[in-house]
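The values are calculated or read from the model by the stated rules, or taken from the named source; none is laboratory data. All figures in this text were calculated on a predicted structure; none of them were measured in a lab. For neighbour counting, all protein chains shown are included, and Cβ atoms are generated from backbone atoms with ideal geometry for every residue, glycine included. To get the accessible areas, we keep the full protein, side chains included, count just its heavy atoms, and leave off ligands, DNA and RNA. Shrake-Rupley method; radii C 1.70, N 1.55, O 1.52, S 1.80 Å.
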Amino acid sequence: MTGEALTRLADPNSKASHVSISGFRNGVPYNQYLSLKEFNRLKLENDDQVRFQADTTGNTIMIEAQGAILGSSRFPVRRNARLQEVLSYISVDPDRANLSGLYIKRLSTAKQQKKAIEDALNRLEHNAYTATSSSNDEAQIRAKEAEMLSSFIDRARKVEPEGIVVVGSGGKIADIALDGDVIVIPEKTDVVMISGEVIMPQAVVWNENRDMDDYIRSAGGFSNRADTSNLLVVHPDGEVTPKAKNVMPGDQILVLP
């Protein structure tokens, strides 16, 4: 049976605009929130539960989950629903899910990040084109630098931020109000990434007996451009710790220039 056939049988109220459907697909939980048009094309399965709804924009928001989850993961929730409440709706694979590494992606934050990048590039562009020169040779150098910067700025303007919001610290997740966010639950990993100003950026299997210096040595050591006093550890949840003593599975060691 298709959704269209069920709609004809159910004869929903004229105010109905969306459908909430839950059930199982291939033995895992299945949840979808669809418009009537999308629902009409859907093939239904035995034991599906279908609820026709009038989607009032002011009262509900849509939340999506990604990563090490089971089944579909779009949830209509009441406006101002909080993270811990929504997490109770999401089925995760306990063997794969790194719940302490959870973070969210928010559209409004992505827009703010995009504006911050644009403002920084505008300042860089202004400085490049208004720099003064004391000689013809210096003027030629400035012109070449401006040309290279212009190429970099053009590429940088195409960057689209993800709007990542760090909601955890030390394994504790803040119970924040959601706003049409995407909840990302990363998979567990036993790998540590070493990148930036090292001889050979690479991934290394985590070992509890290794410290940051050991991991950097496993990447060939520092490059000649490395700022050896400026080392960062980026955790799976997006939190950044300068020169962390303990490196954990899933961390990324970043050596800045």
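Let me spell out the model: positive unit charges on the Cβ of Lys and Arg, negative unit charges on the Cβ of Asp and Glu, origin at the Cα centre of segment 152-199. What dipole size does that give, in debye rounded to 20?
Using only the charged Cβ atoms, the result is roughly 140 debye.
Gain in length, Arg51 to Met1, computed as 0.36 nm per residue apart minus the alpha-carbon separation, to one decimal in nm?
Full extension of this stretch gives 16.4 nm more.
Which ³J(HN,Hα) values, rounded to whole Hz and listed in residue order, are derived for segment 61-70 from phi using the Karplus coefficients 6.51, -1.76 and 1.60 in 6.51 cos²θ - 1.76 cosθ + 1.60 with θ = phi - 60°, glycine and proline given as x?
Each residue of segment 61-70 in turn: 10, 9, 10, 10, 10, 9, x, 7, 10, 10 Hz.
Enumerate the amide H contacts of Leu70 below 5 Å, restricted to partners 5 or more residues apart or on another chain; note that Pro and chain-start residues carry no placed amide H.
Excluding prolines and chain starts, which carry no amide H, the hits are Ser91, Val92, Asp93.
At Asn230 and Glu187, where each label point lies 7 Å from the Cα along Cα→Cβ, what is the point-to-point distance in nanometres?
Distance between label points: 3.4 nm.
Counting heavy atoms of the protein chains only and a 1.4 Å probe, report the per residue accessible area for segment 196-240 as a whole number of Å².
On a per-residue basis, segment 196-240 sits at 58 Å².
At a 1.4 Å probe, what is the % contribution of carbon and sulfur to the accessible area of the chain?
So the carbon and sulfur contribution to the accessible surface is 50 percent.
Report the full-extension gain for the segment Lys43 to Glu138: residue separation times 0.36 nm, less the Cα-Cα distance, to one decimal in nm. Please list the in-between numbers first.
Details: separation 95, 0.36 × 95 = 34.20 nm, distance 6.95 nm.
So the chain would gain 27.2 nm between Lys43 and Glu138.
Taking R0 as 51 Å, what FRET efficiency do you get between Ser150 and Val240 from their Cβ-Cβ distance, rounded to the nearest 0.05?
Working: r = 30 Å, r/R0 = 0.59.
About 0.95, to the nearest 0.05.
Under a cut-off of 29 Å between alpha-carbon atoms, report the lysines in cross-link reach of Lys172, not counting same-chain residues fewer than 8 places apart.
Those lysines meeting the cut-off are Lys105, Lys111, Lys114, Lys188, Lys243, Lys245.
Of the listed values (i) 22.4; (ii) 24.5; (iii) 21.7, identify the label whose number matches Kirkwood radius over Cα pairs in Å calculated from this model.
(i)
If one computes the Cα centroid of segment 57-118 and of segment 1-28, what distance in Å separates the two points?
Here the two parts' Cα centres lie 24 Å apart.
Could you give the nm distance between label points at Asn80 and Thr130, where each point is 7 Å from its Cα heading toward the beta carbon?
4.5
Under 8 Å for C-alpha pairs, at least 6 residues apart: give me the relative contact order for segment 1-144, rounded to a whole percent.
Relative contact order, segment 1-144: 18 percent.
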